[in-house]
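Structure first, commentary second.
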Amino acid sequence: MPTLDKYAPYIFAAYGVAIVALAGLVVWTAWRAIQAKKKLDAAEAGEHRETQP
Amino acid sequence: MDAFSVFNNPHKFMGASKPFAWGFTLLGVAIIVWGIYQGLYVVPADFRQGDAAKIMFVHVPASWLSLFIYLFMACASFISFVWRSPLADICAKSCAPIGAVFTALCLFTGSVWGKPMWGTWWEWSDPRIVSVVILFFFYLGYMAIWQAMETPQKASRAAAILCMVGAINLPIIHYSVEWWNSLHQTTTFLTDRQVTTSEYKWPMYITFALGYLALFGGLTLFNMRAEVNLRRAEMLIQRKQVAA
């Protein structure tokens, strides 16, 4: 752990929330991208089944 | 003109954007991790503010990004509104959650810094704080419009208008500390030569700003790609329903 002065709780709170917020943003973006791809694949699979003779 | 066709053609955009999305995201994460390490372990305490000054390394670039992203959204909204560019409103919609997070981060870290320095977590009479809160509400309102409207076409127009109107808040935020009495100072660090942290101020600000900017670019591209896929899926589903 870094050695900080009496303001350590404030610094850890600020940096901790920043890390959680940005990591959460990355995770949410990844989840959204995966869900969108799944939905598109399902829609394209349905389209492909209907166009098959 | 071929380069610009990437921004007008969703198919070309999907082909061209993937390496940039990954590249910017990984670059942004690497720079931010390095910046956090530098801020917590390497940079010395400030002469007057002690280690609390290190909160500014996170707070100030977050505020820059919150303003920049909204300006970027307003430009994309303008292009979408005037030229009906297919990717412009997707771009603006993709930026909004990221801008909202940076604005919330700016507000939170500012509050955490304000408690030891100003003696208060929040001050409603401070024009800078209030104007940034208004900016945060504009972000939330923009996202709410996209969720509330029945069709993407209606949502696109309404959201673009809201975004462009809200852009008037940007110069108000910037000049609020000059136009009104404010707790918010124009410079965080003193200019005393004994202040060792001042040597690190601008390198740290630029480091975090570049990291945030790269992350914003990468995540926006990923969001845009997701949105294009979702719209294409919706189109296929509607086509199937019409055929049935």
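The values are calculated or read from the model by the stated rules, or taken from the named source; none is laboratory data. Source: prediction; values computed, not measured. In this analysis, Cβ positions are derived from the backbone assuming ideal geometry, glycine residues included, and neighbour counts consider all displayed protein chains. Remember, those area values only see protein heavy atoms, side chains included, never the ligands or the DNA or RNA. Shrake-Rupley method; radii C 1.70, N 1.55, O 1.52, S 1.80 Å.
Kindly list the number of the only condition in (1) under 21 Å from the mean Cα position of the chain (by Cα); (2) over 25 Å from A:Ile11 (Cβ atoms); (3) not aliphatic (A, V, I, L, M) that fails for B:Arg84.
The number of the failed condition is (1).
Look at the stretch B:15-53 and say how many of its residues are open to solvent by 40 Å² or more (accessible area, probe 1.4 Å), more than 30 Å from A:Lys37 (Cα to Cα) and in a helix (DSSP H, G or I).
Count: 4.
When the stretch A:1-33 is examined, which residues are found to be of a type outside the set (Asp, Glu) and over 22 Å from B:Leu213 (Cα atoms)?
A:Met1, A:Pro2, A:Thr3, A:Leu4, A:Lys6, A:Tyr7, A:Ala8, A:Pro9, A:Tyr10, A:Ile11, A:Phe12, A:Ala13
Could you check the stretch A:19-34 and list, in sequence order, the residues that are within 20 Å of B:Lys54 (Cβ to Cβ) and either in contact with a strand residue (DSSP E or B) (Cβ under 9 Å, 6 or more places away or on another chain) or open to solvent by 40 Å² or more (accessible area, probe 1.4 Å) (or both)?
Answer for the stretch A:19-34, where residues must be within 20 Å of B:Lys54 (Cβ to Cβ) and either in contact with a strand residue (DSSP E or B) (Cβ under 9 Å, 6 or more places away or on another chain) or open to solvent by 40 Å² or more (accessible area, probe 1.4 Å) (or both): A:Ile19, A:Val20, A:Ala23.
Please work out which one of (1) of a type in the set (A, V, I, L, M, F, W, C); (2) within 14 Å of B:Asn8 (Cα to Cα); (3) without any contact (Cβ under 8 Å) to a residue 60 or more places away in the chain is the condition B:Leu87 fails and give its number.
Status for B:Leu87: all satisfied but (3).
Which condition number does B:Gly141 fail, the rest of (1) open to solvent by 30 Å² or more (accessible area, probe 1.4 Å); (2) away from chain A (no Cβ under 14 Å); (3) assigned to a helix (DSSP H, G or I) being met?
So the condition that B:Gly141 fails would be (1).
Would you confirm whether any residue within the stretch B:58-81 is more than 16 Å from the chain's Cα centre (by Cα), surrounded by 15 or more Cβ atoms within 10 Å (Cβ to Cβ) and in a loop (DSSP other than H, G, I, E, B)?
Within the stretch B:58-81 (the criterion being more than 16 Å from the chain's Cα centre (by Cα), surrounded by 15 or more Cβ atoms within 10 Å (Cβ to Cβ) and in a loop (DSSP other than H, G, I, E, B)), the answer is no, since none of the residues qualifies.
The rows are residues; the columns are (1) more than 13 Å from every other protein chain (Cβ to nearest Cβ); (2) closer than 19 Å to A:Leu25 by Cβ; (3) among the hydroxyl-bearing types (Ser, Thr, Tyr).
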{"site": "B:Met14", "(1), (2), (3)": "no, no, no"}
{"site": "B:Gly23", "(1), (2), (3)": "yes, yes, no"}
{"site": "B:Leu26", "(1), (2), (3)": "no, yes, no"}
{"site": "B:Gly35", "(1), (2), (3)": "no, yes, no"}
{"site": "B:Gly39", "(1), (2), (3)": "no, no, no"}
{"site": "B:Gly50", "(1), (2), (3)": "no, no, no"}
{"site": "B:Ala53", "(1), (2), (3)": "no, no, no"}
{"site": "B:Ile90", "(1), (2), (3)": "no, yes, no"}
{"site": "B:Lys93", "(1), (2), (3)": "no, yes, no"}
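Can you pull out the residues in the stretch B:154-180 that are open to solvent by 50 Å² or more (accessible area, probe 1.4 Å) and outside any helix (DSSP H, G or I)?
B:Ile168, B:Trp180
Check the stretch A:38-45 and report whether any residue there is part of a loop (DSSP other than H, G, I, E, B), more than 7 Å from every other protein chain (Cβ to nearest Cβ) and surrounded by fewer than 12 Cβ atoms within 10 Å (Cβ to Cβ).
Filtering the stretch A:38-45 down to residues part of a loop (DSSP other than H, G, I, E, B) leaves none.
Within the stretch A:38-45, none of the residues are part of a loop (DSSP other than H, G, I, E, B), more than 7 Å from every other protein chain (Cβ to nearest Cβ) and surrounded by fewer than 12 Cβ atoms within 10 Å (Cβ to Cβ).
Give me a count of the residues in the stretch A:1-18 that are open to solvent by 50 Å² or more (accessible area, probe 1.4 Å) and either of a type in the set (D, E, K, R) or more than 7 Å from every other protein chain (Cβ to nearest Cβ) (or both).
Quick first cut of the stretch A:1-18, residues open to solvent by 50 Å² or more (accessible area, probe 1.4 Å) only: A:1, A:3, A:5-6, A:9-10, A:12, A:17.
The next check asks that each one be either of a type in the set (D, E, K, R) or more than 7 Å from every other protein chain (Cβ to nearest Cβ) (or both); those that pass are A:1, A:3, A:5-6, A:9, A:12.
Number satisfying all stated conditions: 6.
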